[in-house]
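Colleague: Got a structure for you, written out below as structure tokens; questions coming shortly.
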Amino acid sequence: MKKIVLSLLVLMIVLPSCAQSQELNCFVCDPDTDGMTNIRSAPKGTIVHQLEPAGFYQLTAIVQPGGWWRIKDGIVYDEGGCEEKVPGREAWIHRSVLAVATDYEDGQPRKLYAEPRRDAKRVMVIHEFRALLRPLELSADGKWVKVTYDPSEFEGCPCEKVTGWIEKSQVRDDAFEPGDGGPVPLLLVSAPGKETVVFREKPVNGRQTFVLEKGKTYEFTVGNPKNGWWQLWFGSVDENDEQKWVDDEAWMPASALFMIVTDWGGASTVPVYAKPDEKSRKLFDLKTGTLVHPTDLSEWSWVKVQVDGHPEQTGWIGNGKLTR
């Protein structure tokens, strides 16, 4: 009798945690943008509720085998965060109208793996801020989500549909609003072609991933500055308007990046400040047309720069005063 009671207690402890691990926060993204999104009383059951195609809805799905998932507590949240209780005892929705988005709050690209573990074969590196993913299933421990990344849901992303596993902690149920602190600020920069530039998998001594050839000018986007290194964003560089893809993480030194001091109002000089604030002390003025190295970012509107030949001339310029 004691063994039976003990077994029941173990089940009472384990089952709720298992159920919890099979929950996934999603948002509704129905491929049919004209029709209503149906919620049913059971898999393939009677329609008990419909969601407007123009609305934005979030929900927690209890992930089930197969394509039909149960909506936790039958509650859907609208764009304002208000609850919509679906009539009836249960509410079911098909996973094909659900999505999650990659989370870039730590400034790192997201990786898809062939299996739900970090040492598995890497299927793809996603550089999009908020890449939309279609969830397929959860791992047994609930820590990984099997997803499909379909670039056809994005414009101008020339790669094929990919399926793989991503850590659940790296996806979110909000594709439109940035997380705390917002997405990583970016800069459009150029490499002037005066030297060969090596991209590395990580700053300083990482494995070589890509090379910019000497004598050719490239344009690309960087972000996530760390200790004098910048991370290539969107996984590509442009050479004479031709896009070239870099399949791995890629970092490059600030000394290889250039921006041009400019003033759209026609002023001949641009002020450089001690801090990213126009009320801070002005250090010096730079002539428009001067080439500078971007070395750091402050939110979206300020860039710290360094001028070749003048190591002491380092300071902050408003982002609107620089171009590539």
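The values are calculated or read from the model by the stated rules, or taken from the named source; none is laboratory data. Worth saying up front: this structure is predicted, and the values here are computed from it rather than measured. Cβ placement follows ideal geometry from the backbone for every residue including glycine, while neighbour counts extend to all protein chains displayed.
Colleague: Any residue in the range 107-131 that's farther than 16 Å from Glu160 by Cβ and among the hydrophobic types (A, V, I, L, M, F, W, C): show its pairings with residues that are at pLDDT 90 or above and part of a loop (DSSP other than H, G, I, E, B) at Cβ separation under 9 Å, as long as the two are six or more apart or on different chains.
Modeller: Sorted first by the residue in the range 107-131, then by its partner, the pairs are Ala120/Ala114.
Colleague: Follow-up question, since we're still on this one. Being more than 21 Å from Met252 (Cβ to Cβ), part of a strand (DSSP E or B) and of a type in the set (A, V, I, L, M) is the filter here, so list the residues in the range 273-324 that pass it.
Modeller: Leu283, Leu286
Colleague: Considering each of Thr102, Thr60 in turn, give the residue that is within 19 Å of Leu136 (Cα to Cα) and crowded, with 21+ Cβ neighbours inside 10 Å.
Modeller: Result of the check over Thr102, Thr60: Thr102.
Colleague: Tally the residues that are hydroxyl-bearing (Ser, Thr, Tyr) and farther than 20 Å from Lys168 by Cβ, restricting the search to the range 58-81.
Modeller: 0
Colleague: Please go through (1) at pLDDT below 95; (2) surrounded by 14 or more Cβ atoms within 10 Å (Cβ to Cβ); (3) at negative phi for Glu52 and return the number of the only condition it doesn't satisfy.
Modeller: Of the numbered conditions (1) at pLDDT below 95; (2) surrounded by 14 or more Cβ atoms within 10 Å (Cβ to Cβ); (3) at negative phi, the odd one out for Glu52 is (2).
Colleague: Could you please tell me which pairs satisfy a Cβ distance under 9 Å, a separation of 6+ or placement on different chains, a first residue in the range 17-29 that is modelled with pLDDT under 90, and a second residue that is of a type in the set (Lys, Arg) and surrounded by fewer than 16 Cβ atoms within 10 Å (Cβ to Cβ)?
Modeller: Here the result reads Ser21/Lys143, each pair linking the range 17-29 to a residue that is of a type in the set (Lys, Arg) and surrounded by fewer than 16 Cβ atoms within 10 Å (Cβ to Cβ).
Colleague: Go through (1) modelled with pLDDT under 90; (2) within 27 Å of Glu242 (Cβ to Cβ) and name the single condition Leu112 misses.
Modeller: The one condition Leu112 does not meet is (1).
Colleague: Say whether the condition of being of a type in the set (Lys, Arg), out of contact with any Phe, Trp or Tyr (no Cβ under 7 Å at 6 or more places or on another chain) and either assigned by TED's automatic domain parsing to the domain that holds Arg40 or surrounded by fewer than 12 Cβ atoms within 10 Å (Cβ to Cβ) (or both) is met by at least one residue in the range 79-97.
Modeller: Yes, the range 79-97 contains a residue that is of a type in the set (Lys, Arg), out of contact with any Phe, Trp or Tyr (no Cβ under 7 Å at 6 or more places or on another chain) and either assigned by TED's automatic domain parsing to the domain that holds Arg40 or surrounded by fewer than 12 Cβ atoms within 10 Å (Cβ to Cβ) (or both).
Colleague: For the list (1) assigned to a strand (DSSP E or B); (2) of a type outside the set (S, T, N, Q); (3) closer than 19 Å to His127 by Cβ, I need the number of the one condition that Phe234 fails.
Modeller: Phe234 satisfies all of (1) assigned to a strand (DSSP E or B); (2) of a type outside the set (S, T, N, Q); (3) closer than 19 Å to His127 by Cβ except (1).
Quick grid of which residues meet (1) modelled with pLDDT under 95; (2) not hydrophobic (A, V, I, L, M, F, W, C):
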site	(1), (2)
Val100	yes, no
Pro116	no, yes
Asp119	yes, yes
Leu132	yes, no
Lys161	yes, yes
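Conditions (1) assigned by TED's automatic domain parsing to the domain that holds Gln208; (2) crowded, with 17+ Cβ neighbours inside 10 Å, marked per residue:
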{"site": "Asn240", "(1), (2)": "yes, no"}
{"site": "Lys244", "(1), (2)": "yes, no"}
{"site": "Met252", "(1), (2)": "yes, yes"}
{"site": "Pro276", "(1), (2)": "no, yes"}
{"site": "Lys287", "(1), (2)": "no, no"}
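Colleague: Out of Leu291, Leu283, which single residue is of a type in the set (A, V, I, L, M, F, W, C) and more than 30 Å from Val211 (Cβ to Cβ)?
Modeller: Exactly one residue qualifies, and that residue is Leu283.
Colleague: In the range 73-99, what residues are touching a helix residue (DSSP H, G or I) at 6+ places or on another chain (Cβ under 9 Å) and either part of a loop (DSSP other than H, G, I, E, B) or among the β-branched types (Val, Ile, Thr) (or both)?
Modeller: Answer for the range 73-99, where residues must be touching a helix residue (DSSP H, G or I) at 6+ places or on another chain (Cβ under 9 Å) and either part of a loop (DSSP other than H, G, I, E, B) or among the β-branched types (Val, Ile, Thr) (or both): Val86, Pro87, Gly88, Arg89, Glu90, Ala91.
Colleague: Let me ask something else. Has the range 174-189 got at least one residue that is at negative phi, at pLDDT 85 or above and crowded, with 19+ Cβ neighbours inside 10 Å?
Modeller: yes
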